[in-house]
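For reference, the structure is listed below as structure tokens.
The values are calculated or read from the model by the stated rules, or taken from the named source; none is laboratory data. Please read all numbers here as calculations on a predicted model, not as lab measurements. FYI the Cβ positions are ideal-geometry reconstructions off the backbone, even for glycines, and counts take in every protein chain you see. Quick note on the areas: whole protein, heavy atoms, side chains included, nothing else; ligands and nucleic acids left out. Shrake-Rupley method; radii C 1.70, N 1.55, O 1.52, S 1.80 Å.
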Amino acid sequence: QVQLVESGGGLVQAGDSLRLSCAASGRTFSTYAMYWFRQAPGKERAFVASISGNGGSTYYADSVNGRFAISRDIAKNSVYLQMNSLKPEDTAIYYCAASRIYVPASPYTIAAWGQGTQVTVSS
């Protein structure tokens with residue numbers, strides 16, 4: 001089973017950009033659809049973005065569409081989340097996740113989760 005490790009979180013100001021990375025173990029990375037979810041304080045975990053195994057399809061939550069971009073590098077076994085024009089409401093723990101089945105916004109097929117990385121956006 002794939003194992004995931006996120007990095008790249010931090011404290012930034014509103015309007016800044018940040019890029020999150022997720023490194024995956026194993027030689028079957030390209031068979032997994034990859035996701036980013038986030039959980040803000042006091043709220044449930046929510047879908048952010050997803051990308052299919054071959055990278056040909058992406059999907060975004062309405063709240064981040066046009067500001068965030070998900071990408072993957074199969075050679076590096078990594079997936080990225082480029083976050084631009086950050087807002088205080090983007091403050092959350094961001095989780096990388098993997099699924100063998102690409103269901104664009106669903107958490108129910110997730111096979112593996114990372115430990116999360118904190119993103120804090122100050123106003």
Q: Using Cα pairs closer than 8 Å and at least 6 residues apart in sequence, work out the relative contact order for the chain, in percent.
A: 36 percent
Q: Beyond 16 Å, what share of the Cα-Cα pairs of the chain is found? Please give it as a whole percent.
A: 56 percent
Q | Dipole magnitude (debye, nearest 20) for the chain, charges at Cβ of Lys, Arg, Asp, Glu | A | 260 debye
Q) So, in nm, how far is label residue 57 from label residue 28 when the simple model puts each one 7 Å beyond its Cα toward the Cβ? A) 2.0 nm
**Q.** Local electrostatic count at residue 118 - Lys and Arg +1, Asp and Glu -1, tallied over other residues with Cβ under 11 Å
**A.** 0
Q: Obtain the nm distance between the two label points defined at residue 73 and residue 105 by a simple spin-label model: each point lies 7 Å from its Cα along the Cα-to-C-beta direction.
A: 3.0 nm
Q) How much of the accessible area of the range 1-49, probe 1.4 Å, is carbon plus sulfur, in whole percent? A) 46 percent
Q.
Using a probe radius of 1.4 Å on heavy atoms only, what accessible surface per residue do you get for the chain? Whole Å² is fine.
A. 50 Å²
Q | Among 111, 65, 95 - extreme Cα towards positive end, dipole of the chain, charges at beta-carbon | A | 111
Q.
At 1.4 Å probe size, what's the solvent-accessible area of residue 100? Round to the nearest 10 Å².
A. 140 Å²
